[in-house]
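Asker: Sharing a structure below in structure tokens format, with a few things to ask.
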Protein chains: 2
Amino acid sequence: MENFYALIMAGGGGTRLWPLSRKDRPKQMLPLVGERTLFQMALDRLQPLLPPERILVVTGRDQVAQLQADAPQLPAENFIVEPFGQNTAPAVGLAAAHVQQRNPEAVLAVLTADHYIANEEKFRRVLQVSVQVARDDYIVTLGISPTYPATGYGYIKRGEPLTELDGFHIYHAEGFTEKPNRETAAQFLLSGLYSWNSGMFIFQVRQLMEEYARQQPAMRTLLTRIQAAVGQEAYADVLSQLWPQMPRLSIDYAVMEGAQRMAVIPVEMGWSDVGSWASLFDVLEGDEDGNVTQGENPKHIHLDTRDTLIVSDRVVATIGLRDLVIVDTEDVLFVCPRERSQDVRQIVERLRKSGDETYL
Amino acid sequence: MENFYALIMAGGGGTRLWPLSRKDRPKQMLPLVGERTLFQMALDRLQPLLPPERILVVTGRDQVAQLQADAPQLPAENFIVEPFGQNTAPAVGLAAAHVQQRNPEAVLAVLTADHYIANEEKFRRVLQVSVQVARDDYIVTLGISPTYPATGYGYIKRGEPLTELDGFHIYHAEGFTEKPNRETAAQFLLSGLYSWNSGMFIFQVRQLMEEYARQQPAMRTLLTRIQAAVGQEAYADVLSQLWPQMPRLSIDYAVMEGAQRMAVIPVEMGWSDVGSWASLFDVLEGDEDGNVTQGENPKHIHLDTRDTLIVSDRVVATIGLRDLVIVDTEDVLFVCPRERSQDVRQIVERLRKSGDETYL
């Protein structure tokens, strides 16, 4: 595993965990599960597999200081800073350019900073298997076995079996589908051939760069010029000059969907994108009444309350509640039924339209 | 109305509006309806009727400083301080002793500090009528026309009509009943003969003292000795020596139930004892979705939320709630269905038993 590198994508924002997540405190910076932030947990689970020197983070200017403070073990030069957010194809390309400059033989795993994985040991095993497959010139995607007809994820269809390693079945990846409608999602689920796209990819950097060259030649040209400046005095100038010219494309659309040798490894490892208060509830362990309490020293005194998520740093007393979400932050209190927690986006949207940025 | 005095009973505690009301911040000190506290509102509605010099307050040592700060218009000597809480018969007796010392011809209205009255003009009219009836040697009680078979109030049965004044029907009072069970309460409601005991009484002080002498001679003896010391240097010593000997009886039980000439005036004036979060909700005006917001600069951003009470000083965002109570204080958050808001006492009881007084 000596040429193996990991890249944590930590540029995200997102409003689905409002009011805890904010513009300047996105989801990955929150200690949602236990006391470590999701970003720290993403690093922690890699620790047995590779040294900090081979873990890179790509993020934005506003977030890099906090992320560095959260991960003092990483070398400063491993934080790749985007001048401004440009979707995932430029972000991965930029980080890949850095990695290739350091090690032309590198195998890189693109990983997420704000997802939860319950079975970390299995995660590390599937990563090791992925590296082996990537060395055979495959771009490997980790597919999450779907549990319901989700319309919020992309799907990967598996084709012919490729091989089996360490108990994992590896398949040719036959195609990517962006977020489907509910009918299509239900068909996908029934067919048994589709996995959710976890956003985790493993590949040889050399091979990825070839795909950029073949499918996104303009982007590849820009990346080559940036790569030549890595470690040079001119780097910052070159980057800020060329970055705005990058097309705002996702890595799925720009590269993965059209890549020539794609593999998918379906894996069940207790993955969650923690994309709503309801999904945080699912991830956390409840008490005997099914209530979940998360926060610094929260105390839940309750009478007949069940299956309720409470995020608070203080005393919360409840009577007779069912399936509710209560999120109690310093300046905003949010209460809603668990099954409607996705609708928090509408509240955020309304705040945004009102022009009041205080609570965003 | 020149011999007319009012006494505000402001010694109460109570846990039914926890977590807003606390040991050191009882209900009457809270600005529950608008920006004035219930105690201040009790004074405000008397203002057109009599000068501050003739309004007295009976309260405990712990509360007198705050009440004085809330009512700077009252003379300091009008705050009658109980050495410690001893139920209402000693409290009323003590205040009556003071009033009689000042004016042997006084008519005194015993009023509550922590109730809400929507129709203040009618309240003042019924008080004026009560004073007239009291001058005919009646102890007058204000009866609230019941709207449901409440088990939490005492009831007064009316007897023969006595007279009619300014549109109010005055009756002989035939008897007092302590808090009945639900069946009895339902019968009372159906009969049309019963009023809730509001705890408001109007009487000539001389006549009340005669009833003490007749029914509670031991208490009358103690009160006479205290009365003799009013305005003397020895007052504090006399009071602290005799007060512990007072029997802990309610004024209803000790005097009213056995009084010889009792009258009751049933009145509808939008009275509420604000005895639960649900009853506060009933008293306050809702927005177009029936939601009630109370607090300092609260802001309720909501989506499909209806008939919900929010007590908070900050931003509260809600989605899809119905008939809920949300009380957001500095150190405790309380959430429960409106119809269960009485059960907050069980939470308080549990806290008390746990030995942790922090949140009481």
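Read the figures in this text as sums done on the coordinates, not as results from a lab. In this text the structure is predicted, and so the values were computed from the model without any measurement. Positions of Cβ are backbone-derived with ideal geometry, glycine not excepted, and every protein chain shown enters the neighbour counts.
Asker: By the scheme Lys and Arg +1, Asp and Glu -1, what is the net charge of all other residues having a beta-carbon under 13 Å from that of A:Lys299?
Answerer: Once all neighbours under 13 Å are counted, the net charge is -4.
Asker: A follow-up question, please. Pull out a ≥ b ≥ c, the square roots of the eigenvalues of the alpha-carbon gyration tensor of the stretch B:87-230, then state rounded if a/c is under 1.5, prolate if not and a/b is larger than b/c, and oblate in the remaining case. All intermediate terms of the calculation are to be shown ahead of the outcome.
Answerer: Values: a/c = 1.97, a/b = 1.54, b/c = 1.28.
It comes out prolate by the Cα gyration axes.
Asker: Obtain the nm distance between the two label points defined at A:Phe84 and A:Ala236 by a simple spin-label model: each point lies 7 Å from its Cα along the Cα-to-C-beta direction.
Answerer: 1.8
Asker: What net charge do the residues around B:Gln204 carry, taking every other residue with its C-beta under 13 Å from that of B:Gln204, with Lys and Arg at +1 and Asp and Glu at -1?
Answerer: -2
Asker: Order these by the 10 Å Cβ neighbour count, fewest first: B:Phe203, A:Phe39.
Answerer: A:Phe39, B:Phe203
Asker: Separate question: Neighbour counts of other C-beta atoms within 10 Å: give me A:Tyr212, A:Tyr116 arranged from fewest to most.
Answerer: Result, fewest neighbours first: A:Tyr116, A:Tyr212.
Asker: Round to the nearest 10 and give me the degree value, 0 to 90, for the angle of helix A:344-353's Cα axis relative to the longest principal axis of chain A.
Answerer: 80
Asker: Quick one: Karplus J couplings for the stretch A:141-150, per residue in order, coefficients 6.51, -1.76, 1.60, θ = phi - 60°, nearest Hz, x for Gly and Pro?
Answerer: Ordered by residue, 3J(HN,Hα) equals 10, 8, x, 8, 5, x, 10, 7, x, 5 Hz.
Asker: Moving on to the next point. Quick one: which residues, 5 or more positions from B:Gly143 or on another chain, have an amide H under 5 Å from its amide H? H modelled 1.01 Å from N in the peptide plane, none for Pro or chain starts.
Answerer: B:Ile265, B:Val267
Asker: Let me ask something additional. Rounded, prolate or oblate: pick one for the stretch B:277-354, where a ≥ b ≥ c are the square roots of the eigenvalues of its C-alpha gyration tensor, a/c under 1.5 means rounded, and failing that, prolate if a/b is larger than b/c, else oblate. Mind dumping the intermediate values first?
Answerer: On the way: a/c = 2.01, a/b = 1.57, b/c = 1.27.
Cα axes put the stretch B:277-354 in the prolate bin.
Asker: Next up: Where both residues lie in the stretch B:277-354, what percent of DSSP beta bridges are antiparallel, nearest 5?
Answerer: The antiparallel proportion sits near 30 percent.
Asker: Taking Cα centroids, how far is the stretch A:44-110 from the stretch A:303-332 in Å?
Answerer: Their Cα centres are 37 Å away from one another.
Asker: Rounded if a/c is under 1.5, else prolate if a/b is larger than b/c, else oblate: which is the protein assembly as shown, with a ≥ b ≥ c the root eigenvalues of its Cα gyration tensor?
Answerer: Cα axes put the protein assembly as shown in the prolate bin.
Asker: Taking chain A as the reference, fit the longest principal axis to its C-alpha atoms, fit the long axis of helix A:120-134 to the helix C-alpha atoms, and give the angle between the two in degrees, 0 to 90, nearest 10.
Answerer: Long axis of A:120-134 versus the principal axis of chain A: about 20 degrees.
Asker: Placing unit charges on C-beta atoms (Lys and Arg positive, Asp and Glu negative, everything else neutral), compute the dipole magnitude of the stretch A:159-226 about its Cα centre in debye, rounded to 20.
Answerer: 440
Asker: Among B:Ala213, B:Ala71, B:Pro104, whose Cα projects farthest towards the positive end of the dipole of chain B, with charges put on the beta-carbon of Lys, Arg (+1) and Asp, Glu (-1)?
Answerer: Working it through, the farthest residue towards the positive pole turns out to be B:Ala213.
Asker: Add -39500 (n - 2.57) for each DSSP H run of 4 or more in chain A, then divide by its residues: what number comes out at 222 nm, to the nearest 500 deg cm²/dmol?
Answerer: About -9000 deg cm²/dmol.
Asker: Most exposed first by the Cβ proxy, i.e. fewest other Cβ within 10 Å, how do B:Leu46, A:Leu242, A:Leu7 rank?
Answerer: By the 10 Å Cβ count, ascending: A:Leu242, B:Leu46, A:Leu7.
Asker: Which aspartates and glutamates does B:Lys27 reach when only Cα atoms under 13 Å apart count, and residues fewer than 8 places away in its own chain are ignored?
Answerer: B:Asp114, B:Asp273
Asker: Taking chain A as a Gaussian network, where each spring joins two C-alpha atoms under 10 Å apart, which residue of A:Leu280, A:Leu190, A:Leu324 fluctuates the most?
Answerer: A:Leu190
Asker: From the cross-link list A:Lys299/A:Lys353; A:Lys299/B:Lys23; B:Lys23/B:Lys353; A:Lys299/B:Lys179, which pairs have alpha carbons spaced over 25 Å apart? The partial results should precede the final answer.
Answerer: Working: A:Lys299/A:Lys353 35 Å; A:Lys299/B:Lys23 21 Å; B:Lys23/B:Lys353 15 Å; A:Lys299/B:Lys179 36 Å.
From the list (A:Lys299/A:Lys353; A:Lys299/B:Lys23; B:Lys23/B:Lys353; A:Lys299/B:Lys179), the Cα-Cα distance tops 25 Å for A:Lys299/A:Lys353; A:Lys299/B:Lys179.
Asker: Taking the Cα centre of chain B as origin, sum charge times position over the Cβ atoms of Lys and Arg (+1) and Asp and Glu (-1), and report the length of that vector in debye to the nearest 20.
Answerer: Dipole magnitude for chain B comes out near 800 debye.
Asker: Give the nm distances, rounded to one decimal, from B:Glu339 to the matching residue in every other copy, measuring between label points 7 Å along Cα toward the beta carbon; shortest first.
Answerer: 1.9
Asker: Then there's this: Can you list residues whose amide H is under 5 Å from B:Lys299's amide H, if they're 5+ apart or on another chain and H is modeled 1.01 Å from N?
Answerer: B:Arg314, B:Val315, B:Val316
Asker: May I pose another question? Between A:Val316, A:Val57, A:Val33, find the one with the highest GNM mean-square fluctuation for chain A; connect C-alpha pairs within less than 10 Å.
Answerer: Largest GNM mean-square fluctuation: A:Val316.
Asker: Where does helix B:182-191 land angle-wise versus the long Cα axis of chain B, in degrees 0 to 90, nearest 10?
Answerer: The helix B:182-191 is inclined about 70 degrees to chain B.
Asker: Output ³J(HN,Hα) for the stretch A:207-222: one whole-Hz value per residue in order, computed from phi by the Karplus curve 6.51 cos²θ - 1.76 cosθ + 1.60 with θ = phi - 60°, and x for Gly and Pro.
Answerer: Those phi angles translate into 5, 4, 5, 5, 5, 4, 5, 6, 9, 9, x, 5, 5, 4, 4, 4 Hz.
Asker: Could you give me the ³J(HN,Hα) list for the stretch B:315-320, computed from phi with Karplus coefficients 6.51, -1.76, 1.60 and θ = phi - 60°, whole Hz, x at Gly and Pro?
Answerer: 7, 10, 10, 9, 10, x
Asker: Suppose every K and R has +1 on its Cβ and every D and E has -1 on its Cβ; what is the size of the dipole of the protein assembly as shown about the Cα centre, in Debye to the nearest 20? Could you put the intermediate results ahead of the total?
Answerer: Values: 68 positive and 94 negative charges, 21 e Å.
That gives the protein assembly as shown a dipole magnitude of about 100 debye.
Asker: For the protein assembly as shown, give me the percentage of DSSP beta bridges that are antiparallel, rounded to the nearest 5 percent.
Answerer: Beta bridges within the protein assembly as shown, antiparallel portion: roughly 45 percent.
Asker: What is the Cα centroid distance between the stretch A:1-37 and the stretch B:253-269, reported in whole angstrom?
Answerer: The two parts, judged by their Cα centres, are 68 Å apart.
Asker: Efficiency by 1/(1 + (r/R0)^6): what FRET value for A:Glu35 and A:Gln346, r their Cβ-Cβ distance, R0 = 30 Å, to the nearest 0.05?
Answerer: 0.45
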